Each structure stands twice: as C-alpha cells, then as structure tokens.
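*Asks:* My structure is below; once you've seen it, I'll send some questions.
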Amino acid sequence: MKTDRKIVVIGSSNTDMVIRCPRMPEPGETVLGGEFIMNHGGKGANQAVAAAKLGGNVSFIAKVGNDIFGRQTLEMLKEIGVDTTHVGVSHDFPSGVALINVDAQGENSISVASGANAALSENDIDNAAEAIAGADVIIAQLECPVDTIAYAAEMAKRHGVTVVLNPAPAPREHLPERLLRNVDIIIPNKTEAEAISGVAIRDMAGACDAITAITALGVSTTIITLGSKGALLCENGDCIEIPSVKVTPVDTTAAGDTFCGAFCVALTEGKGLADAVRFGNKAAAVSVTRCGAQQSTPFRYEVDE
Ligand code: RIB
C-alpha cells in the first residue's frame, strides 16, 4: 500500500566493512578464515532504506563526507527512492565507516568511525525545517549528536509530528529530558532498554520493569525488541508480547533498523501499534536470513502475504 504520508529519518550513514568469521576474535587474537563484504550501512540510512524498500515516502537528514563513500551513498539512496535533499556533504570530515565482525551464529560486533555523522548540527535541522514540519513521522537514533536529535524532536513536536526514537547504540549517559519529553514512541533493544532504565532485563518481568522506568521518564509508548523472542509493546501501562517470525539467522546486523523502518511505514499506512510491530517483526525476520545491512532489508513483495 503506497501512501503520501511522510517519514523523515534523521541519522547516520556509514560504509560497512564486514568480515564473516568463524568466531569473534578475543582481544589480541587474530582469527583466520573470514569472508569480506562491503555494503551500505549506518543506523539512520538503514532505517531510511528499509522504509523506502517497503513502500514508505522517505526523506533522510544526514551528513556524509566529500569522498567516494559519500558519493556512493548518495547515489544508492536516490536509486532506492529516498529523498536526499537534506543529506549534506561535509568538507571537513570523512564519511562514516563501520568495522563489523559477524560470527557463525550471525551475531555481530561493531565499531564505528563517525566522521561526518558527528557533524550533523542544529543548523542542518533548521535547513530541513520544512521537511520536518511536513512529516507525519520522524525517526532518529543516537549515532549523531544527541543535542541535534533533541533539537529535531522539539521542532517535530511543535508541528504535531509523531516522534519515534530508536536509542541505538545504547547511550552511555542519561538521555536529556529535553529529548525524552518530545518522544512519542521509543524502540530500544534489551541492552538499550537496560541502559536507559537502569533495570537489568533477565526475563519478561524484567522487561516490564524496565518499561515502567522508561514510562516514568515521560515516554508513553515503549517497544522493546528482543530478537528471536519478539517484541514487548507497552502503551500507557498496557503491555503485550508480540512473537517474532521464526527463522535461522545468518547475520543479525541491521535487524533492529529494519524493524524500525518497517514500523514507521506501517504507522504512515494507518496500522495500529500492534500491527505495526508485527510488520516490523516480519521485515526484520527476512533481513536476518541475509548478509549485510541495507542489502539485507526486504522489498515489500517479500513481506506481504
Ligand atoms: O545497526 C547496524 C548498523 O550499525 C551498521 O550498518 C553499522 O554501520 C552501524 O551503524
């Protein structure tokens, strides 16, 4: 279902250098026997691409470097149908790069050189004010400066836009109140929910306690994504568990991003929260059966019944 309702994604773009290795190296260890792939990544760009491939009307606000990676990223985003009017090119910083190890179980570990992503500023948000004001949903993550994200959320809220935050990677400090008070829906994974709430999640009861703590911070709707265990959706104190679609994972990189992109598409199509989570689960399940970040996210025909 195509809709004119607009999704604005604010966030990072990286080029992912991925080695699929038999197991994760220990500190100081070299593990041989890997395979290398390079593909487009970055949590923001992954979410923008996932949403566009699923039929969303998507604009991306981001910053890349004036280099080959930045140019390739812009080309690919345009090809997939993402509006790149507000993807700036920095002449001071290189494009973001992520080094990713994926083990035989499909688990990953990621380190990121943020480059231009870290230079996304309030001024860039001002330049994209019209796009934000005209959006139905904005979604942001935490790979760009948190003050910039808070500024964008404030602007969106002033215009009655639904604000979704995927607090990834897990914040190392408390998220500013200025950000949280403008977030309508927060979508953390287990680690991120623990970091934000201060509650250790060992089971569903722990996840519910974490949600109670997050609700107390001022966010009315929380969705904790729990990988193969599905997701826990909680709106104003009412929690429901939504199971995942069972698959054998090959690479879990960008599963959360695919979920977020799909979730936003479903929202703009008028689906309720639980159905939007089911749609996100379905899209994420397809993505983990394939390698890479953006190259693993599904097209619409792959998730429609
Ligand atoms: O969420 C996965 C993404 O995290 C990767 O694509 C990598 O670029 C990092 O940003």
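*Asks:* Got a sec? How would Cys144, Cys264, Cys208 order by Cβ neighbour count within 10 Å, fewest to most? Mind dumping the intermediate values first?
*Replies:* Working: Cys144 29, Cys264 33, Cys208 18.
Going from sparsest to densest Cβ surroundings: Cys208, Cys144, Cys264.
*Asks:* Peptides 229-242, 20-33, 288-301, 184-197: what's the order by average Cβ count within 10 Å, highest mean first?
*Replies:* With the highest mean Cβ count within 10 Å placed first, the list reads 184-197, 288-301, 229-242, 20-33.
*Asks:* Taking other Cβ within 10 Å of each residue's Cβ, how do Asp147, Asp124, Asp83, Asp92 sort, fewest first? It would help to have the intermediate numbers written out before the result.
*Replies:* Values: Asp147 13, Asp124 21, Asp83 18, Asp92 9.
By the 10 Å Cβ count, ascending, the order reads Asp92, Asp147, Asp83, Asp124.
*Asks:* Between segment 232-305 and segment 69-131, what's the alpha-carbon centroid distance in Å?
*Replies:* 22
*Asks:* With θ set to phi - 60°, apply the Karplus curve 6.51 cos²θ - 1.76 cosθ + 1.60 along segment 281-288 and write out the HN-Hα couplings as whole Hz, x wherever there is a Gly or Pro.
*Replies:* Once rounded to whole Hz, the list reads 4, 5, 5, 5, 4, 5, 4, 7.
*Asks:* Out of the DSSP beta bridges found with both residues in the chain, what percent are antiparallel (nearest 5)?
*Replies:* Here the antiparallel bridges make up roughly 45 percent for the chain.
*Asks:* While we're looking at this one, here's another question. Using Cα springs under 10 Å in a Gaussian network model of the chain, which residue among Ala153, Ala205, Ala62 shows the largest mean-square fluctuation?
*Replies:* Ala205
*Asks:* Moving on to the next point. Only bridges whose two residues both fall in segment 1-110 count here: according to DSSP, what percent of them are antiparallel, nearest 5?
*Replies:* Numbers: 10 of 27 bridges.
Antiparallel bridges make up about 35 percent of those DSSP assigns within segment 1-110.
*Asks:* Right, something else. Report for segment 169-302 the percent antiparallel among DSSP-assigned beta bridges with both residues inside it, nearest 5.
*Replies:* Around 75 percent of the beta bridges assigned by DSSP in segment 169-302 are antiparallel ones.
*Asks:* Which residue, Glu122, Glu75, Glu173, has the most motion in a Gaussian network model of the chain that connects Cα atoms within less than 10 Å?
*Replies:* Glu173
*Asks:* Taking 7 Å along the Cα-to-C-beta vector as the label spot, tell me the His91-Asn127 distance in nanometres, rounded to one decimal.
*Replies:* Computed distance between label sites His91 and Asn127 equals 1.2 nm.
*Asks:* For the chain, list log₁₀ I(q)/I(0) at each q in 0.10, 0.12, 0.15, 0.16 Å⁻¹, using the Debye formula over Cα point scatterers of equal strength and ignoring solvent, two decimals each.
*Replies:* Each listed q corresponds, in turn, to -0.49, -0.72, -1.18, -1.36.
*Asks:* Build a GNM of the chain with springs between Cα atoms under 10 Å: which of Ala48, Ala156, Ala113 gets the top mean-square fluctuation?
*Replies:* Maximum fluctuation in the GNM of the chain, among the listed residues, is at Ala113.
*Asks:* Next question, about the same structure. So, R0 is 25 Å and r is the distance between the beta-carbons of Ala200 and Glu29; what FRET efficiency does that work out to, to 0.05?
*Replies:* Efficiency computed from Cβ-Cβ geometry: 0.30.
*Asks:* How large is the Rg to Rh ratio of segment 95-222 when both quantities use alpha carbon positions and Rh follows Kirkwood?
*Replies:* Details: Rg = 15.7 Å, Rh = 15.7 Å.
Taking Rg over the Kirkwood Rh, I get 1.00.
*Asks:* Return the subset of Lys6/Lys271; Lys157/Lys271; Lys43/Lys271; Lys6/Lys78; Lys43/Lys63 for which the Cα-Cα distance in this structure is over 18 Å, preserving the input order.
*Replies:* Among Lys6/Lys271; Lys157/Lys271; Lys43/Lys271; Lys6/Lys78; Lys43/Lys63, the Cα-Cα distance tops 18 Å for Lys157/Lys271; Lys43/Lys271.
*Asks:* May I pose another question? Once phi is turned into ³J(HN,Hα) by the Karplus curve 6.51 cos²θ - 1.76 cosθ + 1.60 with θ = phi - 60°, what whole-Hz value does each residue of segment 158-170 show in order, with x for glycine and proline?
*Replies:* Listing the rounded values in order: 4, 9, x, 7, 6, 10, 10, 10, 9, x, 10, x, 3 Hz.
*Asks:* Also, I was wondering about something else. Under the classification rounded if a/c is under 1.5, otherwise prolate if a/b is larger than b/c and oblate if not, where does segment 73-114 fall, given a ≥ b ≥ c as square roots of the Cα gyration tensor eigenvalues?
*Replies:* oblate
*Asks:* OK, next. Would you mind giving the three semi-axes, in whole Å and largest first, of the ellipsoid equivalent to segment 5-74 according to its Cα gyration tensor?
*Replies:* 30, 14, 10
Each reported figure results from applying straightforward, stated rules to the coordinates on display, with no laboratory input. All figures in this text were calculated on a predicted structure; none of them were measured in a lab. Quick reminder, even Gly has a Cβ in these numbers, built from the backbone with ideal geometry, and neighbours come from all protein chains shown.
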